[in-house]
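As structure tokens, the structure follows; a few thoughts come after it.
The values are calculated or read from the model by the stated rules, or taken from the named source; none is laboratory data. Please read all numbers here as calculations on a predicted model, not as lab measurements. Glycine gets a Cβ as well: all are built from the backbone with ideal geometry, and neighbour counts include every protein chain shown.
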Amino acid sequence: MDEIKQYMKALGEQARKASLALAKADTNKKNSALEYIAAALEKNRAGLIAENVKDMSAGKENGLDAALLDRLALNDGRIDSMIDGIRQVATLPDPIGEMTGLKYRPSGIQVGKMRVALGVVGIIYESRPNVTADAAALCLKSGNAAILRGGSEAIHSNKAIAQCITQGLVDSGLPATVIQVVETTDRAAVDELITLPDYVDVIIPRGGKGLIERVSKVATVPVIKHLDGICHVYIDDDADVKKAVDIAFNAKTHRYGVCNAMETLLVSETVAEKVLPILAEKYAEEGVELRGCRRTCEIISDAKNATDIDWQTEYLAPVLSIKVVAGVDEAIAHIQQFSSKHTESIVTENYTTSRQFLKEVDSSSVMINASTRFADGFEYGLGAEIGISTDKFHVRGPVGLEGLTSQKYVVFGDGQIRR
């Protein structure tokens, strides 16, 4: 245990020192480092996949379920996405140093705010090795040093990606310790990381509800988080049927093991008999198990009866709960009761109804006529994302560059003294 404490403290000390060096780097320097990292990932593509095969084999032997294996897998397409995400971050405006709200006061001083880095960000995540690259890119561009602790199931993949990141940092002339990946799989490392307030300024956990609850309970460092993604799509009385079918099908089946997948479908009673049989047939082709309210089961004969537990479950699997509602008011009431405040979408051609939904649904992303799968930093134009926050402080929704910064007041004077 003492060895783990010393190891994590050393990472913290190195990260804090690196953050001070990074604060001196200009935008061109940071963008150059990102390009070097992207090039290193491209050059080592075969090695990344080879290391990921080790993790996938071990995962299957250890009985990881299909959703976790899907998150764990690396292939050419996902490596392309990592590289594209890093390069997109390089093209984004640098938030550091941005000044806003400059106003003259009666004393003659000028007061405003400047955007600054948080300092050192600790990120704890499970399964997805692409998070290593995404987090590194966002932290680097936003001027933050980072300590990354991936899950033990992805240790080979994460180490391989970390080597590419280190190479890119060194090639650009930045300290290699700007981005550090925890190389031990000992779970004690997590407890140490989240209790290092002298060296770590914020913790971002990404993974299962159990991990995030534990981190939130134990951490002595501020935490940016979301617990789960119980996302809803509501098909309104005035929905376009084709849009409704396409959106509800995509939101559930595009990928199952992700936090922005739809877990509950709400359908207005006036369109339920028209929409649900079409969707049931499409879901059946994908092997999606349907669990519904009494009216849903009357329309879809092979749907199972849903319980209250279903309305509050993030399946992360080909399972969907369906409820027929009287209209938008009942849909909103259901969302208010069961939503995890991640992402909700309404399908409607009625402007007034859509505005009501936007106003009354209190989630980090609220959509009109779009799949919940768009609740993603890359799709929002943030480049990669470091996570999604359902908290209201200090950032909400997909956390991109701006979410990894804070602001400080700046004052410009010309010799003024207070009288």
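In this entry, residue 225 passes the filter for residues that are among the basic types (Lys, Arg) and either in contact with a strand residue (DSSP E or B) (Cβ under 6 Å, 6 or more places away or on another chain) or in the same structural domain as residue 118 (by TED's automatic domain parsing) (or both).
Close Cβ contacts (under 8 Å, 6 or more residues apart or on different chains) running from residues in region 139-156 that are closer than 19 Å to residue 215 by Cα to residues that are of a type in the set (Asp, Glu) and at pLDDT below 95 comprise 150/126; 151/126; 153/126. Within region 174-195, at least one residue is assigned to a helix (DSSP H, G or I), under 24 Å from residue 258 (Cα atoms) and out of contact with any Ser or Thr (no Cβ under 8 Å at 6 or more places or on another chain).
Can we say residue 338 is surrounded by fewer than 21 Cβ atoms within 10 Å (Cβ to Cβ), free of Cβ contacts under 8 Å to residues at least 24 places away in the same chain and either outside the structural domain of residue 242 (by TED's automatic domain parsing) or of a type outside the set (Ser, Thr, Tyr) (or both)? It is false that residue 338 is surrounded by fewer than 21 Cβ atoms within 10 Å (Cβ to Cβ), free of Cβ contacts under 8 Å to residues at least 24 places away in the same chain and either outside the structural domain of residue 242 (by TED's automatic domain parsing) or of a type outside the set (Ser, Thr, Tyr) (or both).
Against the definition (hydrophobic (A, V, I, L, M, F, W, C), outside any strand (DSSP E or B), touching a Lys or Arg at 6+ places or on another chain (Cβ under 9 Å) and surrounded by fewer than 24 Cβ atoms within 10 Å (Cβ to Cβ)), how does residue 140 come out, yes or no?
No.
Of the residues making up region 344-365, those that are of a type outside the set (A, V, I, L, M) and either on the phi > 0 side of the Ramachandran plot or touching a strand residue (DSSP E or B) at 6+ places or on another chain (Cβ under 8 Å) (or both) are 344, 345, 348, 353, 354, 357, 363, 364, 365. Residues that are over 30 Å from residue 200 (Cβ atoms), of a type in the set (Val, Ile, Thr) and in a helix (DSSP H, G or I) are absent from region 359-371.
Applying the selection to region 247-277, what residues are out of contact with any strand residue (DSSP E or B) (no Cβ under 8 Å at 6 or more places or on another chain), under 21 Å from residue 367 (Cβ atoms) and not in a loop (DSSP other than H, G, I, E, B)? If the condition is that a residue be out of contact with any strand residue (DSSP E or B) (no Cβ under 8 Å at 6 or more places or on another chain), under 21 Å from residue 367 (Cβ atoms) and not in a loop (DSSP other than H, G, I, E, B), then 249, 250, 253 are the ones that fit. Taking the conditions (1) out of contact with any helix residue (DSSP H, G or I) (no Cβ under 6 Å at 6 or more places or on another chain); (2) buried (at least 16 other Cβ atoms within 10 Å of the Cβ); (3) more than 30 Å from residue 240 (Cα to Cα); (4) modelled with pLDDT under 85 in turn, residue 383 satisfies each one other than (1).
Within region 278-303, take every residue that is of a type in the set (A, V, I, L, M, F, W, C) and in a helix (DSSP H, G or I) and give me the one that is surrounded by the fewest Cβ atoms within 10 Å (Cβ to Cβ). Let's see the steps before the verdict.
As a first pass, look at region 278-303 and keep what is of a type in the set (A, V, I, L, M, F, W, C): 278-280, 284, 288, 290, 293, 297, 299-300, 303.
Going one step further and asking which of them are in a helix (DSSP H, G or I), we end up with 278-280, 284, 297, 299.
Working: 278: 15, 279: 22, 280: 20, 284: 13, 297: 18, 299: 18.
Taking the candidates together, the pick is 284.
Annotation note: Cβ proximity below 9 Å between a residue of region 371-390 that is within 22 Å of residue 263 (Cα to Cα) and a residue that is assigned to a strand (DSSP E or B) and of a type in the set (D, E, K, R) (sequence gap 6+ or interchain) occurs for 372/344; 387/206; 388/206.
Restricting to region 8-32, name every residue that is crowded, with 17+ Cβ neighbours inside 10 Å and over 19 Å from residue 143 (Cβ atoms). Before the answer, list the steps.
Here is the first cut: in region 8-32, the residues crowded, with 17+ Cβ neighbours inside 10 Å are 8, 11-12, 14-16, 18-19, 22, 25, 30-32.
If the condition is that a residue be crowded, with 17+ Cβ neighbours inside 10 Å and over 19 Å from residue 143 (Cβ atoms), then 8 is the only one that fits.
Among the residues making up region 304-335, those that are surrounded by 16 or more Cβ atoms within 10 Å (Cβ to Cβ), at pLDDT 95 or above and among the hydrophobic types (A, V, I, L, M, F, W, C) are 306, 311, 319, 320, 322, 324, 325, 328, 331, 332, 335.
Out of the residues in region 70-82 that are buried (at least 20 other Cβ atoms within 10 Å of the Cβ) and in a helix (DSSP H, G or I), which is modelled with the highest pLDDT? Once the filter is applied, the top-ranked residue is 79.
Can you tell me how many residues in region 400-419 are surrounded by 23 or more Cβ atoms within 10 Å (Cβ to Cβ) and at pLDDT 85 or above? Steps first, answer last, please.
Step one: filter region 400-419 for residues surrounded by 23 or more Cβ atoms within 10 Å (Cβ to Cβ), giving 400-401, 403-404.
Okay, now just the ones that are also at pLDDT 85 or above, so 401, 403-404.
Adding up the residues that qualify gives 3.
Residues in region 252-271 that are surrounded by fewer than 22 Cβ atoms within 10 Å (Cβ to Cβ) and more than 30 Å from residue 126 (Cβ to Cβ): 269, 270, 271.
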